[in-house]
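First comes the structure, then the notes that go with it.
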Amino acid sequence: MMRGGLAFLLYLWFGSLAFASEPISFDYEVLPILTRAGCNSGSCHGAAVGRGGFHLSLWGSNPRDDYAAIVREFEGRRVDVAHPTASLILKKPTGAIDHEGGAILDENSVPWKILHAWIEQGAQRRRNLQLKEIEISWNQQILPATSPITLPLQTRGTLDVTALFLSTESKSINHLVAIQIPDPSSLKFDTTTQQLSALRPGIHTLIVRYCDRIQTLQILTPNTHSPSDTSNVTASNTIDYWLDQRREALRQTAAPLAPEASQLRRVMLDLIGRAPTPQELSDYLTDSNPDKYQINIDRLISSPEYVRFWTYRWTRIFGLRPNSNAPQGLHSFYQWMQAQIADGTAWDQVAREMITATGDTHQQSPAFFMLLANDPRQQAEQFSRWFIGARLECANCHDHPLDRWKQDDYHGLAAVFARIDRKQMVRWLDRGAVTNPRTGLPAIPQLPGGSRFSSSGDVRGELVQWMLEHPDSLFAKTIVNRVWSQFFGRGLVEPVDDMRLTNPATHPQLLESLAESFKSHQYDLQYLIRQVVLSDAYRRQSPATTADSRSDLTYNFGPRKSLPADVLLDLIDDATGSQLPIADASTRDRAVALEDPTTPSSTLDTLGRCVRSETCATPSATSSLTLMLHWINGETLNDRIANDKHWLKTMLQENLPPAEMLERLYIRTLCRSPNPTEQQMFLKSLAQESNSDSSLIWEDLFWALLSSKDFLDNR
């Protein structure tokens with residue numbers, strides 16, 4: 001079989017001669033033409049209510065209904081078999097008559113001729129073909145589904161797509177596929193020659209869509225101006241191995257490891273939610289044991305602080321909020337989650353107990369998890385986001401436009417949760433339903449993907465088994481991706497709850513490897529966390545800003561992340577020695593120890609804590625102008641600095657030499673000594689202001705250090 005650009009050009013030259021004799025397939029030719037032209041996109045006739053009185057299924061997901069809409073609706077005027085050129089489906093897209101979408105087809109084009117031939121043949125919907133798969137070739141070589149394409153700058157490659165049908169020969173479908181490039185600044189595709197070129201270095205994505213099949217290609221464009229430096233390649237574990245492989249392919253260079261003090265501060269903030277004390281920092285830096293970093297990791301993960309902090313993290317991820325139906329439920333669930341983390345319970349078991357929970361929410365149990373959703377549909381959406389990394393809500397009104405999930409998957413999953421009684425005593429009911437808007441009837445409970453349950457009772461256990469045994473390891477990849485994002489500030493797939501086919505991981509092999517390792521270690525969360533924090537990727541020097549870190553898709557640098565409001569407030573209080581209350585009218589405690597995230601606290605609100613009822617992304621505590629103005633003039637920071645009982649005023653009473661005082665100030669805030677330039681500049685300023693109140697100068701310096709990005713970020 002001839003493949004490549006030449007085959008397509010010959011098809012354009014001779015293909016139209018065969019239209020009159022070869023039967024045109026509505027499903028596999030007509031609909032793909034409409035998809036390629038954008039006629040059934042969400043902004044056109046594929047919208048939920050259609051456009052201009054004409055409604056098509058989104059991206060041709062329902063050929064039966066689309067055929068009826070095109071051929072039978074509007075008194076048959078859209079298709080005129082007796083006079084094909086008079087058909088509205090030909091006149092409107094060519095601009096022969098008014099069309100809101102403008103002229104999108106030319107009468108001399110192959111798509112127009114295919115549509116004309118189909119109408120001329122009687123506008124039938126023949127069911128004689130069944131699509132097996134699509135096959136993509138790169139420069140006439142068949143491309144394995146998961147293989148990336150290396151495409152240097154100033155070069156071109158030819159992309160060809162073939163449809164493989166059952167019981168018939170394969171066909172070139174270059175003229176029928178829709179090619180989408182999510183970032184137009186990265187790639188350029190010529191639909192006439194089928195040639196692809198790269199516009200800039202990096203990791204790029206190209207989406208190929210044909211009927212209900214979607215394939216996503218990853219394009220790697222090396223940096224031609226920066227030869228790869230392998231001197232820092234160590235591959236100490238599987239994480240570094242896969243990152244080094246990708247970095248070498250892109251000809252990029254990794255940053256060196258961060259200083260020991262930076263590594264200690266970073267990992268302590270990530271594992272236990274606080275920075276090292278001056279004594280802890282000194283002990284670590286003077287320790288000559290070459291394995292001290294790993295020993296410290298084991299010590300931190302075994303500590304009560306780790307249990308407390310990661311209970312805080314997971315309950316925030318799950319959107320824990322109080323519920324009036326179970327006033328004590330939040331506390332009971334929090335204590336249950338804390339026990340699971342303390343005991344090192346396998347994470348598949350934790351998920352199983354939450355998803356299948358019943359019983360009294362006022363007892364220490366996962367039953368309150370069922371009350372985190374207000375209704376079955378919200379529960380289905382939460383399940384899909386938290387446990388399989390899918391935004392199933394995109395399939396509420398129509399099939400998911402960018403993923404495998406169908407409208408029946410969404411409502412079938414919601415029907416599973418429709419039989420839960422969400423009160424203090426969580427029960428499985430004999431009755432309960434949601435309506436499927438596609439049919440107008442009660443939705444039939446089903447597993448995502450279309451399979452029916454084997455029983456009619458409480459089927460949530462079967463749902464968990466499907467989740468854990470899915471061939472794509474959906475659950476393992478979702479948890480791995482979420483854990484990765486907690487340490488690097490972004491997931492291998494971003495957003496972390498949108499692991500769709502058209503949003504591939506930056507490093508698919510790494511995600512696959514970590515997921516398989518997580519499964520083989522019985523879903524041990526501590527094992528997974530150790531793998532991440534022991535990697536060189538995590539320990540490297542960080543970039544200058546959090547924005548640079550989030551855009552570092554190849555992990556050439558270590559992470560730099562904004563801190564959530566709770567962690568930041570604790571960090572400020574540790575540095576200032578504050579004894580001010582965390583929450584309004586409460587006793588003194590750490591912010592990360594607050595079980596209820598809605599506990600009234602004007603201080604946390606000022607710092608920008610998340611108040612939504614669903615999962616919160618880590619917010620920046622210094623991202624708004626209002627907050628920065630408060631940082632300068634408000635009481636949150638200034639009261640903690642100037643308080644006579646707090647650290648600064650206490651230290652000033654000791655009358656330490658300025659150089660020693662400066663050293664202590666830097667160690668306490670930034671976990672490092674001042675560099676010579678910083679020391680010389682401040683001591684000179686202090687000497688010049690010898691007639692002023694020196695305490696005010698020290699307060700200004702303390703404020704400046706606490707306001708610096710090196711203090712506010714985990715870097």
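Given the criteria over 20 Å from Leu413 (Cβ atoms), small (Gly, Ala, Ser) and touching a residue at least 24 places away in the same chain (Cβ under 8 Å), does Ala326 qualify?
In short, yes.
Being out of contact with any Phe, Trp or Tyr (no Cβ under 6 Å at 6 or more places or on another chain) and outside any loop (DSSP other than H, G, I, E, B) is the filter; apply it to region 133-151 and report the residue that is most open to solvent (accessible area, probe 1.4 Å).
Within region 133-151, the match that is most open to solvent (accessible area, probe 1.4 Å) is Gln141.
For the condition open to solvent by less than 50 Å² (accessible area, probe 1.4 Å), among the small types (Gly, Ala, Ser) and in contact with a Gly (Cβ under 9 Å, 6 or more places away or on another chain), what is the one hit in Gly457, Gly461, Gly450?
Just a single option satisfies the conditions, and that option is Gly450.
For region 152-228, list the strands (runs of 3 or more DSSP E) that sit wholly inside it and hold at least 1 residues that are open to solvent by less than 20 Å² (accessible area, probe 1.4 Å), in contact with an Asp or Glu (Cβ under 7 Å, 6 or more places away or on another chain) and closer than 29 Å to Lys113 by Cα; which are they?
In region 152-228, 156-165 are the strands (runs of 3 or more DSSP E) which contain 1 or more residues that are open to solvent by less than 20 Å² (accessible area, probe 1.4 Å), in contact with an Asp or Glu (Cβ under 7 Å, 6 or more places away or on another chain) and closer than 29 Å to Lys113 by Cα.
If you check Ser690, Ser694, which single one turns out to be of a type in the set (S, T, N, Q) and surrounded by 14 or more Cβ atoms within 10 Å (Cβ to Cβ)?
After ruling out the rest, the residue left standing is Ser694.
With respect to Trp386, determine if the residue is over 21 Å from Leu320 (Cβ atoms) and either outside the structural domain of Gly50 (by TED's automatic domain parsing) or more than 15 Å from the chain's Cα centre (by Cα) (or both).
So Trp386 does not fit the description; no.
Name every residue in region 254-283 that is in a loop (DSSP other than H, G, I, E, B) and either modelled with pLDDT under 95 or aliphatic (A, V, I, L, M) (or both), in order of residue number.
Result: Ala254, Ala255, Ala258, Ala275.
Go through the residues of region 114-122 one by one and say whether even a single one is open to solvent by 30 Å² or more (accessible area, probe 1.4 Å), touching a Gly at 6+ places or on another chain (Cβ under 9 Å) and outside the structural domain of Arg209 (by TED's automatic domain parsing).
Checking region 114-122: not a single residue is open to solvent by 30 Å² or more (accessible area, probe 1.4 Å), touching a Gly at 6+ places or on another chain (Cβ under 9 Å) and outside the structural domain of Arg209 (by TED's automatic domain parsing).
Answer yes or no: is there a residue in region 227-248 that is in contact with a helix residue (DSSP H, G or I) (Cβ under 9 Å, 6 or more places away or on another chain), at pLDDT 95 or above and among the small types (Gly, Ala, Ser).
Checked region 227-248: no residue is in contact with a helix residue (DSSP H, G or I) (Cβ under 9 Å, 6 or more places away or on another chain), at pLDDT 95 or above and among the small types (Gly, Ala, Ser).
Going through region 69-88 one residue at a time, which ones are open to solvent by less than 30 Å² (accessible area, probe 1.4 Å) and either under 14 Å from Arg125 (Cβ atoms) or assigned to a loop (DSSP other than H, G, I, E, B) (or both)?
Ala69, Ile70, Arg78, Val79, Ser87
Does region 692-700 contain any residue that is in contact (Cβ under 8 Å) with a residue 60 or more places away in the chain and within 28 Å of Ala583 (Cβ to Cβ)?
Scanning region 692-700, I find no residue that is in contact (Cβ under 8 Å) with a residue 60 or more places away in the chain and within 28 Å of Ala583 (Cβ to Cβ), so the answer is no.
Look through region 500-522, keep the residues that are touching a Lys or Arg at 6+ places or on another chain (Cβ under 7 Å) and outside any loop (DSSP other than H, G, I, E, B), and return whichever of them is nearest to His400 (Cα to Cα).
Selected residue: Leu511.
Conditions (1) outside the structural domain of Ser520 (by TED's automatic domain parsing); (2) among the basic types (Lys, Arg); (3) more than 21 Å from Ile420 (Cβ to Cβ), marked per residue:
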position	(1), (2), (3)
Val434	yes, no, no
Gly440	yes, no, yes
Ala443	yes, no, no
Gln446	yes, no, no
Gly450	yes, no, yes
Gly461	yes, no, no
Gln465	yes, no, no
Leu468	yes, no, no
Thr478	no, no, yes
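Considering only region 532-551, state which residues are within 20 Å of Ala505 (Cβ to Cβ), open to solvent by 20 Å² or more (accessible area, probe 1.4 Å) and assigned to a loop (DSSP other than H, G, I, E, B).
Passing the criteria: only Ser551.
Being open to solvent by less than 30 Å² (accessible area, probe 1.4 Å) and under 22 Å from the mean Cα position of the chain (by Cα) is true for just one of Ile582, Ile529, Ile572. Which residue is that?
Answer to the check: Ile529.
Pull out all pairs, ordered by first then second residue, where Cβ-Cβ is under 8 Å, the residues are six or more apart or on different chains, the first lies in region 240-259 and is assigned by TED's automatic domain parsing to the domain that holds Asp536, and the second is of a type in the set (D, E, K, R) and in a loop (DSSP other than H, G, I, E, B).
none
Whether any residue in region 69-88 is more than 21 Å from Ile179 (Cα to Cα) and of a type in the set (Ser, Thr, Tyr) is what I want to check.
Yes, because at least one residue in region 69-88 is more than 21 Å from Ile179 (Cα to Cα) and of a type in the set (Ser, Thr, Tyr).
Which of the numbered conditions does Gln509 fail, given that it passes all the others? Conditions: (1) in contact with a strand residue (DSSP E or B) (Cβ under 7 Å, 6 or more places away or on another chain); (2) open to solvent by 40 Å² or more (accessible area, probe 1.4 Å); (3) more than 30 Å from Gln328 (Cα to Cα); (4) in contact (Cβ under 8 Å) with a residue 60 or more places away in the chain.
Failed condition: (1).
The values are calculated or read from the model by the stated rules, or taken from the named source; none is laboratory data. Predicted model only: the values in this text are computed from it and were never measured. In this analysis, Cβ positions are derived from the backbone assuming ideal geometry, glycine residues included, and neighbour counts consider all displayed protein chains. Each accessible area value is taken on the protein alone, full model and side chains, heavy atoms only, with ligands, DNA and RNA left out. Shrake-Rupley method; radii C 1.70, N 1.55, O 1.52, S 1.80 Å.
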